[in-house]
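Q: Handing you this structure, nothing more for now.
The values are calculated or read from the model by the stated rules, or taken from the named source; none is laboratory data. As the structure is a computational prediction, the values presented were derived from the model and not from experiment. Every residue, glycine among them, receives a Cβ derived from its backbone with ideal geometry; neighbour counts consider all protein chains shown.
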Amino acid sequence: MIICIGNALVDALEQINEEVIDELNLNKARMTLVDKDRSSYLLSKMNKPSFEAGGSAANTAYWIGKLGGTAGFIGRVSNDNLGRTFKESLETSGLHDLTVTEDEKVQTGLCAIFITPDGERTMNTYLGAGEFLSPSDIKVDDIEKAEILYMEGYLWDKPDGKDAFVYASEINKKAGGKNALTLSDVFCVEAHRDSFKELIKNNIDYVFCNEDELNSLTMLDDTSQSIEYFLNQFPHVEVLICTLGSKGSLVITQESQTHIDAAHADVIDKTGAGDFFAAGFLYGIQNGLNPEESAEIGNKSAAHVISEIGVRPSKNF
């Protein structure tokens, strides 16, 4: 089983015109953490948003399941309507629901996503109950069942979440599993560069990132130099997977670097592209494919999700 740990969020999505970015003072094409008041304000500025269970790692778990893999999700929700929506989504997707539910004092997390005509998604995330995930929420028996433990960088922002990651990754490593980390966003890397490096050096087998995140991690401006730096600094990482947007992806090991062409996509909404890529890659690894073959599935999965609005595609894959 692949167990994904991350923020349990419900996404509110709406297509907007470009000028709304400035009107609402949004940080275009980035993820911005917001408080509950800002989240409520942005939600009030949406005309007819669509609501879907989301969160980066939850999206990855969802798509692994849809591809036919076995996956579970660990996160924290509240016993409110949003939390119930999230848990129902896990159940209907056939995932192992390993979420922790608390009382209604803290709302389940909500991500207000604004999609501009160029397909870019601007995310404004109120973590809510999700930010209180802690080591006590990690069940040893669950983690020991994981072939791969996949962790999203977005949850690294709080000390308890960080401790939960380290605790879970150490359990998994001792049990003989593999640990995977996605850097998630430049925002996350800039905030936690040193501790990310420490985690990667000690516990991580697979690292997912895009070029901007990789260059931010290494503090270099050239992707080739960043790759060389990464390989020197983290010799125990089995595979570095760097996505290149419309140019495809790079699969990097100590022995080789392979470019995988992107799959064709009519871009409508880039929400979830990295999440679905990771899902396709991990599904391939789970089924005995090599990293290059797995990246092919990742590229096709990313192309599939960005061809529709939201992260629960209705078209056949």
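Q: Among the listed residues LYS66, LYS28, LYS36, identify the single one that is surrounded by fewer than 22 Cβ atoms within 10 Å (Cβ to Cβ) and farther than 23 Å from LYS87 by Cα. Talk me through it step by step, then tell me what you get.
A: Values: LYS66 fails: farther than 23 Å from LYS87 by Cα; LYS36 fails: farther than 23 Å from LYS87 by Cα.
On inspection, the qualifying residue turns out to be LYS28.
Q: What's the number of the only condition in (1) surrounded by fewer than 17 Cβ atoms within 10 Å (Cβ to Cβ); (2) part of a helix (DSSP H, G or I); (3) modelled with pLDDT under 95 that PHE86 fails to meet?
A: It fails just one condition, (1).
Q: Do you know which residues across segment 127-155 are surrounded by fewer than 24 Cβ atoms within 10 Å (Cβ to Cβ) and aromatic (Phe, Trp, Tyr)?
A: Within segment 127-155, PHE132 is the sole residue that qualifies.
Q: Out of the residues in segment 229-244 that are more than 12 Å from ILE200 (Cα to Cα) and surrounded by 14 or more Cβ atoms within 10 Å (Cβ to Cβ), which is farthest from the chain's Cα centre (by Cα)? Walk me through how you get there before you give the answer.
A: So the first thing to find is which residues in segment 229-244 are more than 12 Å from ILE200 (Cα to Cα), and the list is 229, 232, 241-244.
Now drop any that are not surrounded by 14 or more Cβ atoms within 10 Å (Cβ to Cβ), which leaves 229, 241-244.
Numbers: TYR229: 24, ILE241: 14, CYS242: 14, THR243: 13, LEU244: 16 Å.
By that ranking, first place goes to TYR229.
Q: If I filter segment 48-90 down to residues being charged (D, E, K, R) and more than 16 Å from the chain's Cα centre (by Cα), which single residue comes out as farthest from ILE306 (Cα to Cα)? Talk me through it step by step, then tell me what you get.
A: If we filter segment 48-90 for residues that are charged (D, E, K, R), which is where we start, we get 48, 52, 66, 76, 80, 84, 87-88.
Now restrict to residues that are more than 16 Å from the chain's Cα centre (by Cα): 48, 66, 80, 84, 87-88.
On the way: LYS48: 20, LYS66: 16, ASP80: 30, ARG84: 26, LYS87: 24, GLU88: 24 Å.
Here the answer is ASP80.
Q: Assuming ALA262 fulfils every condition listed in (1) at pLDDT 95 or above; (2) touching a helix residue (DSSP H, G or I) at 6+ places or on another chain (Cβ under 9 Å) apart from one, which condition is it?
A: Failing condition for ALA262: (1).
Q: May I pose another question? Can you tell me which residues in segment 101-126 are surrounded by 23 or more Cβ atoms within 10 Å (Cβ to Cβ), of a type in the set (S, T, N, Q) and within 14 Å of ASN79 (Cα to Cα)?
A: THR108
Q: Is segment 278-299 home to any residue that is buried (at least 21 other Cβ atoms within 10 Å of the Cβ) and part of a loop (DSSP other than H, G, I, E, B)?
A: no
Q: So, one more: Which condition does SER50 not pass, out of (1) modelled with pLDDT of 90 or more; (2) in contact with a strand residue (DSSP E or B) (Cβ under 7 Å, 6 or more places away or on another chain); (3) surrounded by fewer than 17 Cβ atoms within 10 Å (Cβ to Cβ), if it passes all the others?
A: Checking SER50 against (1) modelled with pLDDT of 90 or more; (2) in contact with a strand residue (DSSP E or B) (Cβ under 7 Å, 6 or more places away or on another chain); (3) surrounded by fewer than 17 Cβ atoms within 10 Å (Cβ to Cβ), the one that fails is (1).
Q: What number goes with the only condition from (1) closer than 20 Å to ALA180 by Cβ; (2) touching an Asp or Glu at 6+ places or on another chain (Cβ under 8 Å) that ILE115 does not pass?
A: With respect to (1) closer than 20 Å to ALA180 by Cβ; (2) touching an Asp or Glu at 6+ places or on another chain (Cβ under 8 Å), ILE115 is out only on (1).
Q: Scan segment 185-244 for residues that are acidic (Asp, Glu) and within 26 Å of CYS4 (Cβ to Cβ) and jot them down. Break it down stepwise before answering.
A: First, pick out the residues of segment 185-244 that are acidic (Asp, Glu): 185, 190, 194, 198, 205, 211-213, 221-222, 228, 238.
Selection gives ASP185, GLU190, ASP194, GLU198, ASP205, GLU211, ASP212, GLU213, GLU238.
Q: Still on this structure: Test SER93 against the stated conditions and say whether it is modelled with pLDDT under 95, within 20 Å of the chain's Cα centre (by Cα) and not basic (Lys, Arg).
A: On the way: modelled with pLDDT under 95: yes; within 20 Å of the chain's Cα centre (by Cα): yes; not basic (Lys, Arg): yes.
Answer is yes for this residue.
Q: Find all pairs meeting these conditions: Cβ atoms under 6 angstrom apart; at least six residues apart or on different chains; first residue within segment 18-34 and modelled with pLDDT of 95 or more and assigned to a helix (DSSP H, G or I); second residue surrounded by fewer than 17 Cβ atoms within 10 Å (Cβ to Cβ) and among the charged types (D, E, K, R).
A: Note: pairs meeting the criteria are ILE21/LYS28.
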